[in-house]
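Worksheet for the structure shown next.
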Amino acid sequence: MQANKLGEILVKQGLLRPDQLQAALGECQRTKARLGPTLVSMGILRDAQILRALEKQFALPGVDVSNFAVDQAVASIVTRDFCEKHCVIPLSKAGTTMVVAFADPSSLQVRDDLRYISKCKIQPVVATESSILAAIAKYYSFSTDELIQKGEQSEEELIMGQTSTVDVGANADDAPVVKFVNGILLEAIRRRASDIHFEIYEKKFRVRFRVDGNLIEAAAPPLTSGPAICSRIKIMSKMDIAEKRRPQDGRLKIVLSKENREMDFRVNSIPTMWGEKIVMRLLDKTNLQLDMTKLGFEEDDLQMFKEAINLPQGMVLITGPTGSGKTTTIYSALAELNRLNVNISTAEDPIEFNLEGINQVQVNPEIDLTFSAALRAFLRQDPDIIMVGEVRDLETAEIAFKAASTGHMVVSTLHTNDAATTITRLIEMGIPSYLICSTISLVVAQRLMGRLCESCKEPIKVPDQTLLNLGVGMDELSKYNLFKAKGCNACNNTGIRGRMAIYELMPMNEQIKETILRGAQGNELRNISRNLGMRTLRRSALLKLARGITSIEEVINSSIKDES
């Protein structure tokens, strides 16, 4: 359905204001998504509201396709390309009549085409764009042949390394492996995958995508094609195809000419029992959330964070395990600080996103370009702000602290469980406590937690004791509006669609400094910080739970209960 037509229906029925429609249309133009899914993802409408509006408009029965078991034999009658192009999906067939879900049942041409393709009478029902597209993704997994065809038809360009350029839409005489890999890359981008896994086993070779934190199988090419696929990826990524005994790293870039955007891939190979496994991480700058108000900070925490990074000197540490969103937070901070009159230099391993106006250095230990070596060089480059990808050893830490205490702002990351244990870790590393107190301005700990799928979340009731066990106070119980997502096609039946961050901010005020100087351990430091008003990771998660954004399970998985 055309976006304007659906928008007019929703405005006419009073479900959507004209200004909301314009905002959603602008987001559609930016993300190249359809209007229905965009309205749901923006939280303006729920899928069920859109479905009721379509039922009323077209006077046809509505079907929640996410709760409908589509007959696989019937789905195979119509190709995936046709279903995606016209936003339809066949549901069932009885005799010579086929029931088809339409996002726009008013299109008589599409009905005629379906009648011709299926040789059946078409019985239309109406469904939302979100549920139809999710059902297509679920019931139409790509075959190897379809991915090869997808690679053939592409008009995108693939840039390998820094110099060579070839068409992804390869020539007709190119090997099927080339076309298959091209198809996989483009399909991963279409599905908003964060990673692609190429995995070889004794009797199987499979390709999986990670979407919203969950792995889903995308294709299973013949086992014999596995080595050729891995070699093709290694050639594209400027890796040594002869070396199969040790891990390697590489990069490649795709230019999406139709959408006028670039997509970087970070590639890693590792030898396994049956051959090489390759994982490609998709780095889409358009999805990098640099708007700090949308990261997950509470309003007062965001103000504290902005004040700390805008100080003329000192150090801000962002901590958390791998995959906790530290990169996004640190890039957001750099984007906030990136001004014409400021010199920013970063030492990273690897450089995940290229930010214009920032001098980014790729660490390379093989040529002795370590974090500490890069930091020493930065101090001779007249820097205002320095970002260190990670403080891994005492030498790097000492130079970073020296820079922070001599008139520079230093932002870095560290792998610790919470804000308080960051101080303990630095002291164990060998940094004097007096230097920590005089240099660090703020310590931020963070985690990622799942966001409930708006299409299938429902209000629930739980015993008060369940919330009390999480750390909710007796006087706060009435503030909690709890939801649980049952799972649907839109979220791959996981109930989770998208993720957000929770934060714990520990500012270095006088009482905290006194506690550190007298040698207090992590637990004591944490308790004093809480008494001074620090919002812990668990409290941050509970605030998201109270607003109905996440679930009890996600709170438990992303944070630890505060000690009484």
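Of everything in region 216-234 that is open to solvent by 30 Å² or more (accessible area, probe 1.4 Å) and among the aliphatic types (A, V, I, L, M), the residue that is nearest to residue 251 (Cα to Cα) is 228.
Inclusion of residue 523 among residues that are at pLDDT below 90, surrounded by fewer than 13 Cβ atoms within 10 Å (Cβ to Cβ) and in a helix (DSSP H, G or I) is warranted.
Pairs needed: first member in region 542-564, among the basic types (Lys, Arg); second member anywhere, in a loop (DSSP other than H, G, I, E, B); C-beta distance under 6 Å; at least 6 residues apart or different chains. Every condition considered, the pairs that remain are 544/550; 561/471. Residues considered: 99, 88, 110, 125. Of these, the only one that is open to solvent by 20 Å² or more (accessible area, probe 1.4 Å) and among the β-branched types (Val, Ile, Thr) is 99.
Taking the condition part of a strand (DSSP E or B) and modelled with pLDDT of 90 or more, does residue 436 pass? Considered against the rule, which asks whether it is part of a strand (DSSP E or B) and modelled with pLDDT of 90 or more, residue 436 comes out as no. Here the condition is being open to solvent by less than 70 Å² (accessible area, probe 1.4 Å), within 17 Å of residue 128 (Cβ to Cβ), among the basic types (Lys, Arg) and under 29 Å from the mean Cα position of the chain (by Cα); of 80, 46, 34, it holds for 34 alone.
Scanning region 540-563 for residues that are out of contact with any Asp or Glu (no Cβ under 7 Å at 6 or more places or on another chain) and more than 15 Å from residue 460 (Cβ to Cβ) yields 541, 542, 544, 556, 557, 558, 559, 560, 561, 562, 563. Looking at this structure, is residue 241 open to solvent by less than 60 Å² (accessible area, probe 1.4 Å), of a type in the set (A, V, I, L, M) and under 28 Å from residue 362 (Cα atoms)? The answer is no for residue 241. Give the residues of region 44-78 that are without any contact (Cβ under 8 Å) to a residue 12 or more places away in the chain and among the polar types (S, T, N, Q), sorted by residue number. Of everything in region 44-78, just one residue is without any contact (Cβ under 8 Å) to a residue 12 or more places away in the chain and among the polar types (S, T, N, Q), namely 76.
The values are calculated or read from the model by the stated rules, or taken from the named source; none is laboratory data. If you're wondering where the values come from, they're calculated on a predicted model, not measured in any experiment. So basically every Cβ, Gly included, is an ideal-geometry build from the backbone, and we count neighbours across all protein chains shown. Heads up: the accessible areas ignore ligands, DNA and RNA and are worked out on the full protein's heavy atoms, side chains in. Shrake-Rupley method; radii C 1.70, N 1.55, O 1.52, S 1.80 Å.
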